[in-house]
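Computed from the coordinates by the stated procedures, all read-outs in this text should not be read as laboratory data. Everything numeric here is computed off the predicted structure, so don't read it as measured data. Positions of Cβ are generated from backbone atoms using ideal geometry, with glycine treated the same way; all protein chains shown enter the neighbour counts.
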Amino acid sequence: MIKDKTHFSLFLSPQVRQMVADYYKLDNCKTQSEYIENAILFYTGYLNTAHTEAYLPRVLSDVLEGKLRALGDRVASHLFKLSVGEAVTHNILAYESDISMGTLRELQGKCVQDVKRTNGKIDFEDALKFQKDL
């Protein structure tokens, strides 16, 4: 038996009863009772707000903030991995290259202009054509 909970009868229309049966698992609830309890808590919170129109935006804001934080963490992790790979590539190329600092600075300037002009859509084929004068 579940502690600190009481049992009571609940009358629902067949349509609402079917909705509970259909949706409780989608809400990650273990039981239909848990789903109904969550619904009651949500609706009670909605009713208890001084301005009911402010409740839903606050709830949405909390949910979106959590989702965006998780997305930001994921993007940051991927950017870190990409940066490490790029640093390794730079070091290998620098070790194997006979390029002068002046030529490097000119190339960096050209690359900055290319990235601005193409909105970051640079591909290897374009770089190869430029370097090989194809």
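A compact table of results
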item: Label point distance in nm, Val75-Lys121, each placed 7 Å from Cα along Cα→Cβ; result: 2.0
item: Mean separation of Cα contacts under 8 Å, 6 or more apart, over the residue count of the chain: relative contact order %; result: 6
item: Sorted by Cβ neighbour density within 10 Å, fewest at the top, the residues Ser97, Ser33; result: Ser97, Ser33
item: Dipole-positive endmost among Ile92, Asn28, Leu104 within the chain (Cβ charges, Cα centre); result: Asn28
item: Tilt relative to the chain, helix 52-96 - C-alpha long axis, 0 to 90 degrees, to 10; result: 30
item: Simple label model, 7 Å out from Cα along Cβ direction - Ser61 to Ser33, nm; result: 3.6
item: The chain, dipole about Cα centre (Lys/Arg Cβ +1, Asp/Glu Cβ -1), debye to the nearest 20; result: 280
item: More than 28 Å apart - percent of Cα-Cα pairs taken over the chain; result: 55
item: Separation of the Cys111 and Ala87 label points, Cα + 7 Å toward Cβ, nm; result: 1.6
item: Reachable lysines from Lys5, criterion Cα separation under 17 angstrom, eight or more residues apart if same chain; result: Lys30
